[in-house]
């Protein structure tokens, strides 16, 4: 379960996972190498239902709603993607508001801010380092600084990164991801293992690539599987298997209400 794999949730489930890319031949991907197909990234609102099934709680589900809104804008004369996320659950302490800014040309990270409750951590991000943003009030990460030996990509935007990969059968990608403020950047391997037809709400069949990341952490095996459409390059489904439990992320249809806009 890597990425900031929504670190607080994973800590609660007893899972933090690291997976280094192996020595096999793979396609390495990092910020600035122009291997991501940014023209494939669709702007607009995407909403996901996220739920956990744990073997110790067979009659209950931990359910939340995640909104990811991508806009392409011009800032200081340069085109950028601005991704705003809202994570909703039953507990207001789990609510997250996240804003990430990336170069439109190659998706290199420029800025990342995450607020959980009333605690905010904000960072300025470049090819050579990440540091606390001194212009953000009450920034808990204002004194943070980490130098990089090479550029990396924002792991909080893993979905968007996967949607821009040049997926094909048998390909393996080692992506240099970094979770802002946590540990150090690391290459993580994702392999296209095949394809599968998913059935949508209107019984439409959609052909998807299956992208898989698996490994072992402290004796616990885990597998992450992502279903990404071949035609529109959208992530429709994610399944994470760990410790006998599962986490699912399922993209909702376009008619799902925008809960943020309703109360503006």
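With Cα atoms as the point set, the radius of gyration and Dmax of region 69-144 evaluate to 13.3, 41 Å.
Let me know the shape class of the chain, please: from the alpha-carbon gyration tensor, a ≥ b ≥ c as square roots of the eigenvalues, rounded when a/c is under 1.5, otherwise prolate if a/b is greater than b/c, or oblate. Cα axes put the chain in the rounded bin.
Relative contact order (percent) for region 141-264, with alpha-carbon contacts under 8 angstrom and 6 or more residues of separation? Display every interim value, and only then the final one.
On the way: 199 pairs, mean separation 18.2, N = 124.
Over region 141-264, the number comes to 15 percent.
Run the numbers on region 20-89 and let me know its relative contact order in percent, using alpha-carbon pairs under 8 Å that are six or more apart. Don't jump to the answer; show the numbers that get you there.
On the way: 81 pairs, mean separation 16.5, N = 70.
24 percent.
Give me the percent of DSSP beta bridges within the chain that run antiparallel, rounded to the nearest 5. Can you show the working numbers first?
Working: 91 of 97 bridges.
In the chain, DSSP labels about 95 percent of beta bridges as antiparallel.
The relative contact order of the chain, computed from alpha carbon pairs under 8 Å that lie at least 6 residues apart in sequence, is 19 percent. The Rg/Rh ratio of region 42-175, with both radii computed over alpha carbons and Rh defined as the Kirkwood radius, is 1.01.
Computed on the Cα atoms alone, the convex hull of region 29-83 gives a volume of 140 cubic angstrom per residue.
Bear in mind these aren't lab numbers, they're just calculated from the coordinates by the rules spelled out. The model shown is predicted, which means the values in this text are computed figures rather than measured ones.
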